[in-house]
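The values are calculated or read from the model by the stated rules, or taken from the named source; none is laboratory data. Nothing here was measured: the structure is a model prediction, and the numbers come from that model. All Cβ positions, glycine included, derive from the backbone under ideal geometry; neighbour counts span all protein chains shown.
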Amino acid sequence: MADMEQWLEAFVRDNGGVAGTIHLRGGEALELQASVNIPDKVKAVTATIPRGKGMAGLAWERDEPVTTCNLKTDDSGDVRPGAKAVAAQAAVAIPIHDGAGNIRGVVGIAYQEERDMSMSELKSLSSQAEALPG
C-alpha cells in the first residue's frame, strides 16, 4: 500500500495533477488502494466502486479512459456527486491491465484547471498508469 501511495504521488506530481486515486479489482468491484489529496468523505464514498458507476467504474466497463474537463460542472452523468467535492476541475480515469490483458484496476488523476485532454496526453497517461507496480 505504501508503495502504491508513493507511486501515485509521483504520477500525480510528474503529470501536473493535484489529486489522484488507485482502485484495483476485488471481485466484482473496484477497491480504493491509494489516494492523494482526496477528501475523507470522497474516500469513504469511493472505497468500493461497482462496474459502470462513476468515472472509474465507466473506465472499467468501457476499457478506455473516461475524462471530464470540469468535475464541478460536468453534466454527462459520468461524474458522480462525490467526485465534485474534490478540489480540482479536469480529471481522467484510466483502466490498467494485467499480463493477460484483463482490467486489473483504474488510476485516476485530477487537475486544478479546466482542460480538454488530447489523445497524445491520454496515451502518455495510460502508458504511465500501466506501469503501476503489482
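Summary of values
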item: Test: residue in segment 91-107 that is part of a helix (DSSP H, G or I) and modelled with pLDDT under 90; result: no
item: Residue check for Ala83: under 18 Å from Trp7 (Cβ atoms) and at pLDDT below 95; result: no
item: Residue in segment 36-58 that is free of Cβ contacts under 8 Å to residues at least 12 places away in the same chain, over 11 Å from the mean Cα position of the chain (by Cα) and under 22 Å from Asp98 (Cβ atoms) present; result: yes
item: Selected residue (only one of Arg13, Arg25, Arg51 is at pLDDT 95 or above, under 22 Å from Lys123 (Cβ atoms) and not aromatic (Phe, Trp, Tyr)); result: Arg13
item: Filtered residue count, segment 110-134, keeping only those that are closer than 28 Å to Gly26 by Cβ, out of contact with any Ser or Thr (no Cβ under 8 Å at 6 or more places or on another chain), not in a helix (DSSP H, G or I) and not small (Gly, Ala, Ser); result: 3
item: Pick from segment 5-21, criterion of a type in the set (A, V, I, L, M) and under 14 Å from Ala110 (Cβ atoms), ranking: surrounded by the most Cβ atoms within 10 Å (Cβ to Cβ); result: Leu8
item: Per-region count, segment 20-67, residues touching a helix residue (DSSP H, G or I) at 6+ places or on another chain (Cβ under 7 Å) and either part of a strand (DSSP E or B) or among the basic types (Lys, Arg) (or both); result: 14
item: Number of positions in segment 54-80 that are modelled with pLDDT of 95 or more and at positive phi; result: 1
